[in-house]
Amino acid sequence: ETNTLRIAKQFGISYLPLVLLEEQKLIEKHAKELGLDVSVEWLRFTGGSGMNEAILSGNLDFASGGVGPLLTIWGKTQSNFKVKGVTSFNAMPLFLNTTNPNVKTIKDFTEKDKIALPAVKSSIQAVTLQIAAEKAFGKGQANKLDSITISLGHPDGQAALLSGRSEVTAHFTAAPFAYDELADPRVHKVLDSYEVLGGPHTFNSLWATTKFHDENPKVIKAFLAALEEAIAFIKADPAKAAEIWVKAEKSKLTPEQAAALITKPENEWTLTPKKIVDYADFMYSTGAISAKPTSWKDVFFEDIHHLPGS
Amino acid sequence: MPETLADAARRQDVFFETQSAEAIGPIEKRVSFASRAWGNGAFRKTLILIALAVVWELYARHLNNDLLFPTFIQTLTAFFNEMADGTLPRRVWVSLKVLLTGYGIGILIAAFITVLALVTRIGEDLLETLTAMFNPLPAIALLPLALIWFGLGAQSIVFVLVHSVLWPVALNANSGFKSVSPTLRMVGRNYGLGLLATVRQILIPAALPSLITGLKVGWAFAWRTLIAAELVFGVSSGSGGLGWFIFENKNQLEIANVFAGLFTVILIGLAVEGLIFRTLEERTVRRWGMQS
Amino acid sequence: MPETLADAARRQDVFFETQSAEAIGPIEKRVSFASRAWGNGAFRKTLILIALAVVWELYARHLNNDLLFPTFIQTLTAFFNEMADGTLPRRVWVSLKVLLTGYGIGILIAAFITVLALVTRIGEDLLETLTAMFNPLPAIALLPLALIWFGLGAQSIVFVLVHSVLWPVALNANSGFKSVSPTLRMVGRNYGLGLLATVRQILIPAALPSLITGLKVGWAFAWRTLIAAELVFGVSSGSGGLGWFIFENKNQLEIANVFAGLFTVILIGLAVEGLIFRTLEERTVRRWGMQS
Amino acid sequence: MSDVRRPTEGAPLLSLKAVTLQYKTRDSLVTATYRVDFQVFKSDRYILLGPSGCGKSTILKAVGGFIRPTEGQILLNGKRITRPGPDRMMVFQEFDQLAPWKTVRENILFPMRATGKFSRAEAQERTDHYIEKIQLEKFADAYPHTLSGGMKQRVAIARGMAMEPDILLMDEPFAALDALTRDRMQDELLRLWEDTRVTLLFVTHSISEAIKIGNRILLLSALPGQVKAEIGTRDNSFLDAGLQAMIHDILFSDTATAAAAHA
Amino acid sequence: MSDVRRPTEGAPLLSLKAVTLQYKTRDSLVTATYRVDFQVFKSDRYILLGPSGCGKSTILKAVGGFIRPTEGQILLNGKRITRPGPDRMMVFQEFDQLAPWKTVRENILFPMRATGKFSRAEAQERTDHYIEKIQLEKFADAYPHTLSGGMKQRVAIARGMAMEPDILLMDEPFAALDALTRDRMQDELLRLWEDTRVTLLFVTHSISEAIKIGNRILLLSALPGQVKAEIGTRDNSFLDAGLQAMIHDILFSDTATAAAAHA
Ligand SMILES: Nc1ncnc2c1ncn2[C@@H]1O[C@H](COP(=O)(O)OP(=O)(O)OP(=O)(O)O)[C@@H](O)[C@H]1O
Ligand SMILES: Nc1ncnc2c1ncn2[C@@H]1O[C@H](COP(=O)(O)OP(=O)(O)OP(=O)(O)O)[C@@H](O)[C@H]1O
Ligand SMILES: [Mg+2]
Ligand SMILES: [Mg+2]
């Protein structure tokens, strides 16, 4: 078994459980309990593709990110690396916000509007928008709004939306940007991904190659135990968790603001994957992935198969 | 000066009839076929390219990880597929339009600043200061200003391209102009040439080696920037160029397509070097004996 | 030749006593204070910098949108805060280490390839072909190879930096070397200088203007690439240089800090230009009359 | 010295009044000429003669408008020279004065067309004429880097002469030529002068060339260049071994006593 | 022509056998010299004389090892010349042969140190000696771009002479010098020869210089350069107006008849 575990995280409050793992050295603790001496190396990436390359080149053990990248790499590596999800760690909604007062539903967008989202077509936001478009405009209309979407990173998207100086009138984004924007009186919410999918869905997961998984059963076990402890901690003492997060990330949010985000009812902290199959089916139907999982269990390793995923 | 060598005195004066130039005619050295083939640049370069392709293929097979580094043949297949279904040509066309616009504007502004730097001392200071300040700034630094001035889309990318072309071209042009032989400058001034005539008729030809280098570097960095910029700056769906093609395929782990995109960049690079820059050099600096 | 001008004949021959050189002593033109101040490059450049800062401040105030474009004073404040608490210096140090390593290695490899290109024709073809192929490739194209060869972290960034420095430096060096006067080359060969001695004692000094331009362009593009590369490659917790600093702050919409980071890049650019490149030019090409 | 006035008639075309010329570099300040006075009248063939490094080229460049005097004035038709102009065509001493990117023909055409002084047809014709004079017909379309030193200088001479300027400033134009070519070019220059009465300001190292070409000869001292003497030549001066010896003595004596003795 | 054999004793140091030299450019093929034969013996002061553009510099460059003959052979001590080397120091015709990044002193030191032929101290001493000979003491630390044309050439001459090579190849070294300086440099060269018996291969345009310096003079025809005659000088040749006239006639006649007449 490995004695250094390399885990990648990204930015944002949704990675709170991973931040707690790092700050409180929970993995090391649980590994020790299993008789392993593991040191953890935490890496940061700004997007999924660098991370995927890192994991495929054997420079990374656990990657973390949205459902879209997970499904993509799962689909692509079935014949070789067999990358699968280790676990999810949250379920959070995505909001489509706009400054255009005329837009009440996504049907109201016109050619003059531009919707910023992290990556046209491939990001989870883009996929969610397509699902919503298909619901709103009918079958085969999934791409209806694609022509007014535009790729911008979260911060750039927020700046573009709020500056009011560009043609960007809507932004499909996640916490904390989504909440931050809604604090501005000009901004209102048009779409909530929970509504689109009919309930809470997983936002972030972790994944690894089958080779790593099979060679390191104890590490996986320790990791999952540590993650459970972190999530329990968040639920038990969100204020403290928020404080740790703000300090570790040098966030400009106050601990109170962060705690408010953490405890919002729609933001769930859980290992259970949710609505994975819905995304997978849709992505399969648009051709974005070439394999179709029969169940969410195809996408995740057996360690969490006991959970009530979907 | 007295002649002191004994034998020298004994040498006799000798006289010869010479032949007229016409009588002599051309004399040419014979060259073997092998050395003639080897003397052909295109032949040597083709060899190099084949060698590189073979190395690529072998190394990629050895790695056997086509999600990371596909083989040359996989790349070529992807390339032809994407060419055949029209995707790549369309993307290349989108990129090329933006690229050439940015490149052209960048060169024009570089020309303007460099000429300014020629005329006034403050212009030169301005060029030096601005270059030192802005040249190291990455494209993302320009994003806010680009958003304010041009909004999203092609115009902003052009703006970023200008930024990447302008400074290296201006630096090379300025250094080239400053290295022009003082005698040639005086010749130009002697004829009472105006500023633009001096630039056109003296400085540009005299500094051509530096200028061409600047153009080459600018061209390469325009490509690099274009591909990166399409990621940073929004691309509306469907309208993206080669950079977006690469990014999209990367996100979908279609790595062979990613490499097909990069391969296209390489092909364009080779074509531009071989057809444009090379020809330019052959017809100018080499012909004029300014470069060996 | 007969003298035909009437008056010329009437002009008389005249003779003068001359003074010895010592008797004459130095004669200097008087220059007014204003024009002396104006003649001082540092003074003019300071003026330019102040003007730019004022323009920045005014324009930013006019925009009044500190999410996009903070004022100069806000940036300066953020800069001093981050300097004071040690964050910026630490980040700069991390970046500079990587940058200098990449820059240094890039220059060495460029030197190697260029020298190879000097000696053999196939070397020259190789240089031309490789440059045309790889120079336009963006850093992300190298990511897979970097990961395979060097893994994550500083080494991979160095690899990407080498890529961004190598080609422009090699292009400028090659073009500079090829433009060296044939007479000077012959002088070097006449002394029987070996290859490295020729490069060191003839080609490098003779091509210095081009080389310096190459170094300047390479330096600037190393910065650009570094900042972009830190994003693509990710960083281990707690480490990360200036690029990461900029990205982190951008993520938190601390735009003043983002600009403080960019401002640092600008300051370093100015310092390197003013202290290193400028001095180098003064001591070499200008002193030697190779650039006006 | 500068207050000695020479008897002249009419206004001089070019006059240098106590002209001191300097080069200032980072490392040193070189006074190339010190208070040089002389006057050139219209249609003079005025020769500057002096030891190597005495400032002859510098004076020519100052008259050409490339260098400003530190002291004194240079007047052309009574007006200060402020900038170079095609009324003063310069043939430089350096071999790199031809544009490498132009063929021999194009180089000769260049000033005629650039200044617009001649129509295209006329310029072509003059070019052909002078290419023949310098015997480079075979090399009319060759680029300068394929020419020998002397061939380059001949092109530069043709380029200057073809322009027929008011003043032709020539800096050792014939130094790189063999005796025969030199003779031929000298004759060509004198023929041009006969035809156009162009004013010549001519730097040379050769005393015999000075006597053959010039009607007035200015003798300069070693660095910093100062006027040692100004001498006129007569009809048959080139036969006058005495004149040649006198010039030799003046140039190579340390003081002007030897010269005065001759006078 | 090439089969005419001249009576010689001992092996020649340098011999050219039917050497044809060509320049091939994109636009044309120029035959600079055609089947030139001559032999230079040790300690010869061998002069190449010929019209501008006849290939004198080209021959020198071929002996220097910079150009390969298209036909024929160039042998040095019986061995083919394949590359340049410091045994054949070359003084070029061009003004840009000095390294602009070295001062006068450093330029003169350069070959002595680069080849390691002289120790540091010895090289310094020789440099000082030759700087004095070329009268550039005041400019010892000046960079070449601040020198006049003649001063640059003097530095190049000093650099070549200071090296004391086996053969000194000089391409019109004195062309840019005034009469006095030229005289002085010529004497200096002859003194060097007296001291070291260096073999000289010397290109000049001046017949009188050829007679003063040389013991053998090779006369070349116009382009493509062919040997017209090879003439020896005697003790008092420089007083011999007849020799001068003969050389003049040979050089400038179209055929060799005039020459034969003289002989
Ligand atoms: N660009 C320059 N910078 C500094 N000093 C210079 C420069 N050009 C010439 N000089 C100095 O000025 C003096 C006169 O030079 P100039 O070229 O006028 O001499 P010259 O009479 O033409 O000599 P020559 O006959 O050798 O060509 C010389 O001492 C030289 O060192
Ligand atoms: N680099 C070159 N490329 C092509 N042709 C050249 C080159 N150099 C010289 N030539 C040609 O070779 C011939 C001889 O040139 P070379 O320089 O040897 O003449 P030269 O006898 O030294 O003349 P000069 O006395 O004018 O210096 C000339 O016709 C010239 O055009
Ligand atoms: Mg001169
Ligand atoms: Mg020559």
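Quick look at the numbers
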{"quantity": "When residues of region A:121-141 are limited to those that are open to solvent by less than 10 Å² (accessible area, probe 1.4 Å) and aliphatic (A, V, I, L, M), the one farthest from the other protein chains (Cβ to nearest Cβ)", "calculated": "A:132"}
{"quantity": "Region E:122-152, residues that are within 16 Å of ligand 4 (Cβ to nearest atom) and over 20 Å from residue D:22 (Cα atoms)", "calculated": "none"}
{"quantity": "Residue that is farthest from ligand 1 (Cβ to nearest atom), among those in region D:53-77 that are at the interface with another protein chain (Cβ under 7 Å from one of its Cβ atoms) and in a loop (DSSP other than H, G, I, E, B)", "calculated": "D:70"}
{"quantity": "Residue that is nearest to the other protein chains (Cβ to nearest Cβ), among those in region C:267-292 that are of a type in the set (A, V, I, L, M) and surrounded by fewer than 19 Cβ atoms within 10 Å (Cβ to Cβ)", "calculated": "C:270"}
{"quantity": "Failed criterion for residue D:178 (all others in (1) open to solvent by less than 10 Å² (accessible area, probe 1.4 Å); (2) in contact (Cβ under 8 Å) with a residue 60 or more places away in the chain; (3) assigned by TED's automatic domain parsing to the domain that holds residue D:15 hold)", "calculated": "(2)"}
{"quantity": "Matching entry among C:123, C:151 (being within 11 Å of another protein chain (Cβ to nearest Cβ), in contact with a Gly (Cβ under 9 Å, 6 or more places away or on another chain), surrounded by fewer than 21 Cβ atoms within 10 Å (Cβ to Cβ) and not aromatic (Phe, Trp, Tyr))", "calculated": "C:151"}
{"quantity": "Count of region B:173-196 residues which are more than 19 Å from residue B:119 (Cβ to Cβ) and assigned to a helix (DSSP H, G or I)", "calculated": "1"}
{"quantity": "Meets criteria (modelled with pLDDT of 90 or more, within 27 Å of residue B:289 (Cα to Cα), more than 10 Å from every other protein chain (Cβ to nearest Cβ) and surrounded by fewer than 17 Cβ atoms within 10 Å (Cβ to Cβ)) for residue D:132", "calculated": "yes"}
{"quantity": "Checking residue D:92 against (1) within 16 Å of residue E:147 (Cβ to Cβ); (2) assigned by TED's automatic domain parsing to the domain that holds residue D:189; (3) out of contact with any Leu (no Cβ under 8 Å at 6 or more places or on another chain); (4) in contact (Cβ under 8 Å) with a residue 12 or more places away in the chain, the condition it does not meet", "calculated": "(2)"}
{"quantity": "Complete set of residues in region E:57-82 that are within 19 Å of residue E:214 (Cα to Cα) and either within 16 Å of ligand 3 (Cβ to nearest atom) or open to solvent by 10 Å² or more (accessible area, probe 1.4 Å) (or both)", "calculated": "E:57"}
{"quantity": "Which listed residue, of B:158, B:199, is in a helix (DSSP H, G or I) and buried (at least 24 other Cβ atoms within 10 Å of the Cβ)", "calculated": "B:158"}
{"quantity": "Criterion violated by residue D:198 - all others in (1) more than 14 Å from chain B (Cβ to nearest Cβ); (2) touching a His at 6+ places or on another chain (Cβ under 8 Å) satisfied", "calculated": "(2)"}
{"quantity": "Filter pass, residue D:158 being surrounded by fewer than 24 Cβ atoms within 10 Å (Cβ to Cβ), away from ligand 3 (no atom under 16 Å from the Cβ) and outside the structural domain of residue D:60 (by TED's automatic domain parsing)", "calculated": "no"}
{"quantity": "Qualifying position, being aliphatic (A, V, I, L, M) and more than 12 Å from every other protein chain (Cβ to nearest Cβ), among A:67, A:40, A:19, A:83", "calculated": "A:67"}
{"quantity": "Residue count for region D:33-52, restricted to those that are open to solvent by 10 Å² or more (accessible area, probe 1.4 Å) and more than 7 Å from every other protein chain (Cβ to nearest Cβ)", "calculated": "4"}
{"quantity": "Residue match in region D:90-108 (condition: closer than 21 Å to residue E:171 by Cβ, within 16 Å of ligand 1 (Cβ to nearest atom), among the polar types (S, T, N, Q) and within 10 Å of another protein chain (Cβ to nearest Cβ))", "calculated": "yes"}
{"quantity": "Members of region D:205-228 found to be within 16 Å of ligand 3 (Cβ to nearest atom) and more than 13 Å from chain E (Cβ to nearest Cβ), listed by number", "calculated": "D:218"}
{"quantity": "All helices (runs of 4 or more DSSP H) inside region A:192-310 with 3 or more residues being loosely packed, with under 14 Cβ neighbours inside 10 Å", "calculated": "A:210-215, A:217-236"}
{"quantity": "Residue count for region C:95-120, restricted to those that are at pLDDT below 90, open to solvent by less than 60 Å² (accessible area, probe 1.4 Å) and of a type in the set (A, V, I, L, M)", "calculated": "1"}
{"quantity": "Long-range neighbours under 6 Å by Cβ, at least six apart or interchain, first residue in the same structural domain as residue E:220 (by TED's automatic domain parsing) within region E:42-53, second among the basic types (Lys, Arg) and away from ligand 4 (no atom under 12 Å from the Cβ)", "calculated": "E:43/E:197; E:44/E:216; E:46/E:216"}
{"quantity": "Boolean, residue C:245 is more than 14 Å from chain E (Cβ to nearest Cβ), touching a Ser or Thr at 6+ places or on another chain (Cβ under 6 Å) and either assigned to a helix (DSSP H, G or I) or at pLDDT below 90 (or both)", "calculated": "no"}
{"quantity": "Filter result (open to solvent by 20 Å² or more (accessible area, probe 1.4 Å), under 26 Å from residue A:268 (Cα atoms) and more than 15 Å from the chain's Cα centre (by Cα)) within region A:93-120", "calculated": "A:105"}
{"quantity": "Single match in C:130, C:137, C:143 (criterion: part of a helix (DSSP H, G or I) and touching a helix residue (DSSP H, G or I) at 6+ places or on another chain (Cβ under 7 Å))", "calculated": "C:143"}
{"quantity": "Condition check for residue E:100: touching a Ser or Thr at 6+ places or on another chain (Cβ under 9 Å) and open to solvent by 10 Å² or more (accessible area, probe 1.4 Å)", "calculated": "no"}
{"quantity": "Selected residue [within 16 Å of ligand 3 (Cβ to nearest atom) and open to solvent by 30 Å² or more (accessible area, probe 1.4 Å)] from D:91, D:30", "calculated": "D:30"}
{"quantity": "Pair list, Cβ under 7 Å, 6 or more apart: region E:11-25 residue within 12 Å of chain D (Cβ to nearest Cβ), other residue of a type outside the set (Val, Ile, Thr) and away from ligand 4 (no atom under 16 Å from the Cβ)", "calculated": "E:22/E:29"}
{"quantity": "Check on residue D:52, within 16 Å of ligand 3 (Cβ to nearest atom), polar (S, T, N, Q) and modelled with pLDDT under 90", "calculated": "yes"}
{"quantity": "Number of positions in region B:72-105 that are closer than 30 Å to residue A:80 by Cβ and away from chain C (no Cβ under 13 Å)", "calculated": "16"}
{"quantity": "Qualifying residue in region D:64-83 (condition: within 30 Å of residue B:287 (Cα to Cα) and touching a helix residue (DSSP H, G or I) at 6+ places or on another chain (Cβ under 6 Å))", "calculated": "no"}
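The values are calculated or read from the model by the stated rules, or taken from the named source; none is laboratory data. In this text, all values refer to a predicted model and were calculated from it rather than measured experimentally. As a convention, Cβ positions derive from the backbone with ideal geometry for all residues, glycine included, and neighbour counts pool all protein chains shown. Accessible surface areas use protein heavy atoms only, side chains included; no ligands, DNA or RNA. Shrake-Rupley method; radii C 1.70, N 1.55, O 1.52, S 1.80 Å.
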